[in-house]
Amino acid sequence: QVQLVESGGGLVQPGGSLKLSCAASGIIFGIYTMGWYRQAPGKQRELVASITGGGSANYDDSVKGRFTISRANAKDTVYLQMDVLRPEDTAVYYCNARRMTLFYWGQGTQVTVSS
């Protein structure tokens, strides 16, 4: 049984930082591309950042220079360091594991950026 469990969300003021974690189980973690998506109220889910098993990362233009995705294959965990947060970053953030036609999702963690 595949499980992706996110943690680290919360309420933060504009300009602040949060670090999200996603612990995976039930998959051979190192061969999966891991991603972070987000979904704001009334909007479609969008890809924020992804990282291959070898460590190559990609980012949406809206978060480049502010967010950093990383992974610890020995811990089956992927991270999203979010700095200089803006109100428009407010959303539910979802962890995703992808390999070919296989797609798995976590349950999501709420991030709210507000003063």
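The values are calculated or read from the model by the stated rules, or taken from the named source; none is laboratory data. All of these numbers come straight from a predicted model, not from anything done at the bench. Glycine gets a Cβ as well: all are built from the backbone with ideal geometry, and neighbour counts include every protein chain shown. To get the accessible areas, we keep the full protein, side chains included, count just its heavy atoms, and leave off ligands, DNA and RNA. Shrake-Rupley method; radii C 1.70, N 1.55, O 1.52, S 1.80 Å.
So that you can scan it fast, the table gives a plain yes or no per residue for (1) part of a strand (DSSP E or B); (2) hydrophobic (A, V, I, L, M, F, W, C):
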residue: 20; (1), (2): yes, yes
residue: 24; (1), (2): yes, yes
residue: 43; (1), (2): no, no
residue: 55; (1), (2): no, no
residue: 68; (1), (2): yes, no
residue: 74; (1), (2): no, yes
residue: 84; (1), (2): no, yes
residue: 93; (1), (2): yes, no
Next item on the list: Please state which one of 50, 17, 56, 21 is open to solvent by 50 Å² or more (accessible area, probe 1.4 Å) and under 16 Å from residue 82 (Cα atoms).
Entry: 17
Checklist line | Given (1) more than 18 Å from residue 113 (Cα to Cα); (2) at pLDDT below 95; (3) not β-branched (Val, Ile, Thr), index of the condition residue 41 fails | finding: (1)
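Yes or no: residue 39 surrounded by fewer than 21 Cβ atoms within 10 Å (Cβ to Cβ), within 13 Å of residue 6 (Cα to Cα) and in contact (Cβ under 8 Å) with a residue 24 or more places away in the chain? First the steps, then the outcome.
On the way: surrounded by fewer than 21 Cβ atoms within 10 Å (Cβ to Cβ): yes; within 13 Å of residue 6 (Cα to Cα): no; in contact (Cβ under 8 Å) with a residue 24 or more places away in the chain: yes.
No; evaluated as a whole, the condition is false for this residue.
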Check: For the stretch 103-115, which residues satisfy the criterion of being open to solvent by 40 Å² or more (accessible area, probe 1.4 Å), in contact (Cβ under 8 Å) with a residue 12 or more places away in the chain and assigned to a strand (DSSP E or B)?
Finding: 104, 105, 110, 112
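How about the stretch 1-15: which of its residues are hydrophobic (A, V, I, L, M, F, W, C) and part of a strand (DSSP E or B)? Spell out how you get there, then give the answer.
Filtering the stretch 1-15 down to residues hydrophobic (A, V, I, L, M, F, W, C) leaves 2, 4-5, 11-12.
The answer is 4, 5, 11, 12.
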Next item on the list: Look at the stretch 68-101 and say how many of its residues are hydroxyl-bearing (Ser, Thr, Tyr), touching a residue at least 60 places away in the same chain (Cβ under 8 Å) and open to solvent by 40 Å² or more (accessible area, probe 1.4 Å).
Entry: 1
Margin query: Checking the conditions here, which among 55, 65 is under 23 Å from residue 13 (Cβ atoms) and without any contact (Cβ under 8 Å) to a residue 60 or more places away in the chain?
Written below: 65
